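Notes to accompany the following structure.
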Amino acid sequence: MTDPVSKFLHKIDEVKLGPTEASTTIAGATDVFKWIDPDLKKWGLDKLSIKNAHSVLDINEMKKSGTFNQLYGSIGNIHDQVLTQGQVVEFCRDNSDKLQQGGWGTFFLIQRDDGELSVADVLVDDSGLEVLVFQFEDDFVWHGEGTRRLVIPQLETQI
């Protein structure tokens with residue numbers, strides 16, 4: 001059974017991550033991703049993470065179409081949903097079976113040092129994982145109804 005998170009999302013699972021290293025970046029994780037969007041570097045997102053202790057990440061599936069602002073904003077404070085690059089890499093390395101399959105993506109909210117938000121979109125295909133990056137403020141409406149997932153830190157409002 002799934003838990004409703006918002007009118008846009010429902011929780012389908014959670015994953016516990018161990019500590020992540022500060023030296024991990026998405027752009028440097030060529031052992032995890034077979035293709036990495038060059039915009040990660042172009043937009044200043046190729047930065048070292050902070051070291052994290054253990055964390056719990058919720059896996060949410062879209063049940064309604066929406067923009068990034070609508071999807072993440074429906075959960076709560078958007079800045080509380082940001083993941084470190086180490087968390088994104090660790091999740092994808094150890095939990096690729098939890099990523100949305102069939103050509104649809106799994107979204108991870110990341111940010112630059114200046115606080116500018118972006119979304120890493122990880123796709124699974126027969127040859128491995130690809131990561132694309134989108135600017136958060138894009139007003140593109142993403143098709144919902146089970147096509148995409150959002151991975152976010154577990155928030156107190158969802159417990």
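Quick note: the coordinates plus some simple rules give every number you see, no bench work behind them. Not measured: the values here are computed from a predicted model. Every residue, glycine as well, gets a Cβ built from its backbone with ideal geometry; the counts of neighbours run over all protein chains shown.
Note on the chain: the alpha carbon radius of gyration divided by the globular reference 2.2 N^0.38 Å gives 0.94.
Counted by neighbouring Cβ atoms within 10 Å, the residues V5, V141 run from fewest to most as V141, V5. Averaging 1/r over each pair of different alpha-carbon atoms in the stretch 1-66 and inverting the result gives 14.4 Å, the Kirkwood hydrodynamic radius. For the chain, the longest principal axis of the C-alpha atoms and the axis of helix 85-94 are separated by about 80°. Result for the chain in a Gaussian network model with C-alpha springs under 10 Å: among D126, D58, D113, the largest mean-square fluctuation is at D126.
Taking every alpha-carbon pair under 8 Å whose residues sit at least 6 apart, the chain reaches a relative contact order of 30 percent. Fully extending the segment from E137 to V56 would add 26.5 nm, taking 0.36 nm per residue of separation and subtracting the current Cα-Cα distance. Under Stokes-Einstein, with the Kirkwood radius over Cα pairs as Rh, the value for the stretch 83-142 at 4 °C and 1.567 mPa s is 106 µm²/s. The stretch 112-159 and the stretch 1-43 have their alpha-carbon centroids 8 Å apart. Remark: T84, T25 ranked as T25, T84, counting other beta-carbon atoms within 10 Å and listing the fewest first. Using a 10 angstrom cutoff on alpha carbons, build the Gaussian network for the chain and name the most mobile of G144, G28, G102. Checking each option, the largest mean-square fluctuation is seen for G102.
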